[in-house]
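The values are calculated or read from the model by the stated rules, or taken from the named source; none is laboratory data. Predicted, not measured: the structure shown is a model, and the values here were computed from it. Here the Cβ positions follow ideal geometry from the backbone for every residue, glycine too, while neighbour counts run over all protein chains shown.
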Amino acid sequence: MKLRLHTFGLLLFLIGGLVACNGDSSSEETTQETTEESEEPTTVIIKESSELALLMRQMWDENMELRDRVISGEELVDLSEEYNRIHSANATEPEKITDTYHALADAYLTSMEALMNASEENRVEAFNNMVTTCVNCHRGVSCQGPIPKINRLRIRPTDEA
Ligand code: HEC
């Protein structure tokens, strides 16, 4: 029982770490609202996700699908145009959007292009290189939380058919 509780705690910690760059809740806002039905003001906690956080979640999901296509040898869908928004989307911590960030974003978009142009036999390598550019930015701008999750995208030799 003790062990199970411990595991649960660890799981919660891991999940929490995946949600944001750092574990803090600086994006949490507390607002006072008065509804027509009740005169009493109710306190609503809103946890807003930034445009960039939403784009990142979309990127993770779509890259998971892309990963399946790479493994099964299906045709790849080019998503890089949509991902250009990585340069302009509002971030939770705007101070992280520096020249370094934009350079790392370009490196990522270039690796995405390289994957789209890769020959059949180089696709797995190109895909994993792309994942590395995700991780490089996360290290570079100190957004460590999602790194273990991003690394799950990597294709290992045993994943290949
Ligand atoms: C150029 C830098 C950069 C690149 C490249 C990058 N990220 Fe991110 N990522 C960020 C930043 C900054 C945030 C924090 C966004 C925010 O909270 O506004 C973030 C947040 C995330 C999150 C957490 C989103 C949430 O729920 O709050 C995930 C997951 C993620 N990125 C996955 C990826 C994946 C997968 C890739 C590659 C396909 C990638 N990232 C490439 C900078 C980058």
Practice problem: Kindly list, by first and then second residue, each pair from a residue in segment 64-83 that is on the phi > 0 side of the Ramachandran plot to a residue that is assigned to a helix (DSSP H, G or I), limited to pairs with Cβ atoms under 9 Å and residues at least 6 apart or on different chains. | Solution: GLY73/GLU120; GLY73/ARG123
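From the list LEU79, LEU14, LEU10, pick out the single residue that is within 17 Å of the chain's Cα centre (by Cα) and modelled with pLDDT under 55.
So the residue among LEU79, LEU14, LEU10 that is within 17 Å of the chain's Cα centre (by Cα) and modelled with pLDDT under 55 is LEU14.
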Quiz item: Which of the residues that make up segment 149-161 are in a helix (DSSP H, G or I) and loosely packed, with under 12 Cβ neighbours inside 10 Å?
Solution: PRO157, THR158
